[in-house]
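Colleague: Below you'll find the structure I mean.
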Amino acid sequence: MSAELDLQAYLRRVGLVAAPTADLAGLRALHLAHATSIPFENLDIQMGLPIRIDLASIQAKLVQRRRGGYCFEQNTLFLAVLKALGFDVFSGEARVRLGTTDLLPRTHMLLIVQLEGRPWLCDVGFGGRGLLHPVPMDGEAHRQFLDTMRVVEEGRLRVLQSLNQGAWEDLYAFEPEPHTSVDYEMANHYTSTYPESRFIKTLTAQLPSPEVRRILRNRSYAEIRGDQVEGRELAREEVVPMLRDVFGLEVPEGATFRGLND
């Protein structure tokens with residue numbers, strides 16, 4: 001992260017007129033603003049373009065070009081912002097679960113902030129039922145608008161869970177210890193190029209708000225309000241207008257996506 005952060009440009013991107021203070025109220029406001037302003041998306045992977053996770057490239061894409069990104073892009077940017085504002089923060093890696101019992105590789109980046117004498121999980125780059133606010137790693141259930149989240153212990157691991165249809169669902173598991181940028185370079189390369197990666201196989205764009213989570217996966221569009229899900233299958237010609245109008249993404253003319261080659 002040797003590039004200089006343009007904090008004012010970032011704040012404009014997420015709709016904040018001033019930098020939040022380095023306290024819990026500021027962290028919550030910043031986390032919510034980022035999560036609801038910068039979509040989770042993998043358009044570049046789907047178009048066969050490389051994903052660069054140095055800060056300069058991320059700012060050019062997510063801030064200046066007003067695109068979105070996935071965890072390595074989103075949380076690298078958020079990490080730089082938190083450090084610039086004076087938060088005590090480090091980054092970690094997780095194994096995604098999402099209901100599976102298979103042991104998957106560490107392909108997710110997360111952040112942990114030390115605040116008010118305890119650790120808080122921050123993550124603006126998970127998608128799905130990801131966090132809107134930071135959540136304390138205390139094992140307790142915490143309501144976040146329409147969702148309920150918690151971080152529980154599992155031996156040396158911590159597990160982020162979401163309450164889904166009355167049952168706790170594992171989202172991902174991680175050891176609460178720092179990782180470095182070289183770990184993310186390797187994981188990013190695997191995630192964005194491995195033929196069996198879900199990001200190679202599936203086009204996605206996702207944007208949450210306190211009232212609704214909007215999710216596109218290939219041609220399946222859904223609006224999720226807590227346990228209520230409404231959705232439909234799009235015609236192929238509806239996908240690009242959906243990306244532009246609903247998710248606010250700039251899509252090049254004539255763009256083709258791997259996940260729609262069926």
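The values are calculated or read from the model by the stated rules, or taken from the named source; none is laboratory data. Predicted model only: the values in this text are computed from it and were never measured. FYI the Cβ positions are ideal-geometry reconstructions off the backbone, even for glycines, and counts take in every protein chain you see.
Colleague: Quick check on Val151: is it at pLDDT 95 or above, closer than 20 Å to Thr21 by Cβ and either within 19 Å of the chain's Cα centre (by Cα) or outside any strand (DSSP E or B) (or both)?
Modeller: When the stated conditions are applied, Val151 does not pass them.
Colleague: State whether one or more residues within the stretch 125-134 are among the aliphatic types (A, V, I, L, M) and within 27 Å of Gln228 (Cβ to Cβ).
Modeller: Taking every residue of the stretch 125-134 in turn, at least one turns out to be among the aliphatic types (A, V, I, L, M) and within 27 Å of Gln228 (Cβ to Cβ).
Colleague: In the set Val17, Val81, which member is farther than 24 Å from Pro195 by Cα, surrounded by 16 or more Cβ atoms within 10 Å (Cβ to Cβ) and not polar (S, T, N, Q)?
Modeller: Val81
Colleague: Follow-up. Can you tell me which residues in the stretch 173-231 are surrounded by 15 or more Cβ atoms within 10 Å (Cβ to Cβ), in a helix (DSSP H, G or I) and acidic (Asp, Glu)?
Modeller: Asp183
Colleague: Taking the stated definitions as given, is Leu249 touching a helix residue (DSSP H, G or I) at 6+ places or on another chain (Cβ under 9 Å), surrounded by 19 or more Cβ atoms within 10 Å (Cβ to Cβ) and assigned to a loop (DSSP other than H, G, I, E, B)? Walk me through it before giving the result.
Modeller: Values: touching a helix residue (DSSP H, G or I) at 6+ places or on another chain (Cβ under 9 Å): yes; surrounded by 19 or more Cβ atoms within 10 Å (Cβ to Cβ): yes; assigned to a loop (DSSP other than H, G, I, E, B): yes.
Spelling it out, Leu249 is indeed touching a helix residue (DSSP H, G or I) at 6+ places or on another chain (Cβ under 9 Å), surrounded by 19 or more Cβ atoms within 10 Å (Cβ to Cβ) and assigned to a loop (DSSP other than H, G, I, E, B).
Colleague: Starting from the stretch 179-192, keep only residues that are farther than 12 Å from Ile45 by Cα, then list their pairs with residues that are of a type in the set (D, E, K, R) and not in a helix (DSSP H, G or I) whose Cβ atoms are within a distance under 7 Å, requiring at least 6 positions of separation or different chains.
Modeller: His179/Glu93; Asp183/Glu93; Ala187/Glu93; Ala187/Arg106
Colleague: I would also like to ask the following. Which of (1) more than 15 Å from the chain's Cα centre (by Cα); (2) under 18 Å from Pro176 (Cα atoms) does Ala60 not meet, given it meets every other one?
Modeller: If we test Ala60 against (1) more than 15 Å from the chain's Cα centre (by Cα); (2) under 18 Å from Pro176 (Cα atoms), just (2) comes out false.
Colleague: Another question about this same structure. Check Leu115 against each of (1) of a type outside the set (Asp, Glu); (2) over 27 Å from Phe199 (Cβ atoms); (3) without any contact (Cβ under 8 Å) to a residue 40 or more places away in the chain and name the one condition it does not meet.
Modeller: (3)
Colleague: What do you reckon, is Arg12 assigned to a loop (DSSP other than H, G, I, E, B) and either at pLDDT 95 or above or more than 18 Å from Thr191 (Cβ to Cβ) (or both)?
Modeller: No; evaluated as a whole, the condition is false for this residue.
Colleague: Of the residues that sit in the stretch 96-153 and are among the small types (Gly, Ala, Ser) and at negative phi, which one is surrounded by the most Cβ atoms within 10 Å (Cβ to Cβ)?
Modeller: Here the residue is Gly125.
Colleague: Mind checking which residues of the stretch 226-251 are within 23 Å of the chain's Cα centre (by Cα) and farther than 14 Å from Leu207 by Cβ?
Modeller: If the condition is that a residue be within 23 Å of the chain's Cα centre (by Cα) and farther than 14 Å from Leu207 by Cβ, then Gly226, Asp227, Gln228, Val229, Glu230, Gly231, Val239, Val240, Pro241, Glu250, Val251 are the ones that fit.
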